[in-house]
1. Under a 1.4 Å probe, what is the accessible area of the stretch 1-140 per residue, stated in Å²?
2. From zero outward in steps of 10 Å, how is the percent of C-alpha pairs of the chain spread across the bins?
3. Can you compute the helix-only [θ] at 222 nm over the chain? Use -39500 (n - 2.57) per DSSP H run of at least 4 residues, normalise by all residues, nearest 500 deg cm²/dmol.
4. Is any residue of the stretch 111-139 close enough, with backbone N under 13 Å, to a label point placed 7 angstrom from the Cα of L191 along the Cα-Cβ axis, and if so, which?
5. Once the Cα atoms of the stretch 60-144 are picked out, what are the Rg and Dmax in Å?
6. Counting pairs of alpha carbon atoms under 8 Å apart in space and at least six apart in sequence, what relative contact order in percent does the stretch 104-193 give?
7. Given a 10 angstrom Cα cut-off, can you work out which residue in R44, R166, R125 is the most mobile in a GNM of the chain?
8. Label points 7 Å out from Cα along the Cβ direction at Q43 and D179: separation in nm?
Amino acid sequence: NTGKPEEAIASLEQLNERLGETPERLGIIGGRYKRLWRATQEQREEEGGERPNRLERRYLGKAIDHYTRGMQLDFNEFYCSSNIAQLLLVRAEEGDAERAVVVDHFVIAACERAIARGTDDEWTRPTLLGAAFRSRDVRKARELAAQIDREDPANWKLQSTIGDLRQAVAQASGTTEADAFAQILAGLEELIE
């Protein structure tokens with residue numbers, strides 16, 4: 001999280017070459033590309049651009065690629081898979097929406113397995129929350145948001161989750177659940193303030 005994303009990517013790629021790829025390292029690389037994608041997207045929007053530019057599409061594709069490779073190494077490690085579905089919905093190429101649904105099934109199964117085995121961590125419920133938003137499960141989203149509120153996560157962790165939930169709310173625009181998800185998101189945003 002410190003320094004420039006490009007430097008982190010280069011260092012982790014070197015580490016992968018020496019020691020082999022791991023879901024964690026591939027997920028971190030995917031996260032740095034996701035950060036670059038968001039920054040490029042925000043800059044384009046500030047400049048009044050309406051359509052994603054080449055660099056934005058490249059970063060998005062690299063994020064999806066690294067997260068996918070990490071997921072394929074271990075389906076029980078939900079960090080990588082939890083990021084793929086949302087990014088596929090943004091990219092919106094042929095077959096991406098269907099693939100996002102399948103990936104979310106992996107996310108939910110991996111998170112529920114971790115909870116059942118007692119191997120869950122502070123990211124399990126926020127990860128499930130993202131899946132609940134994408135699958136339009138308002139009841140589950142409210143339940144998980146309340147648990148997250150009780151657990152009082154660190155601000156940076158909550159901000160990371162909120163960034164993804166904002167994207168999910170935008171993707172839900174026009175649906176019958178849109179207002180409910182916007183309210184849940186607003187409640188989580190208040191935790192930061």
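1. 56
2. Result, from short to long distances: 9, 34, 39, 16, 2 percent.
3. -26500 deg cm²/dmol
4. 122-130
5. 12.4, 38
6. Here the relative contact order equals 28 percent.
7. R44
8. Distance between the two pseudo-spin positions: 3.9 nm.
The values are calculated or read from the model by the stated rules, or taken from the named source; none is laboratory data. These numbers were taken from a predicted model, which means no experiment stands behind them. All Cβ positions, glycine included, derive from the backbone under ideal geometry; neighbour counts span all protein chains shown. Calculation scope for accessible area: heavy atoms of the full protein, side chains included, ligands and nucleic acids excluded. Shrake-Rupley method; radii C 1.70, N 1.55, O 1.52, S 1.80 Å.
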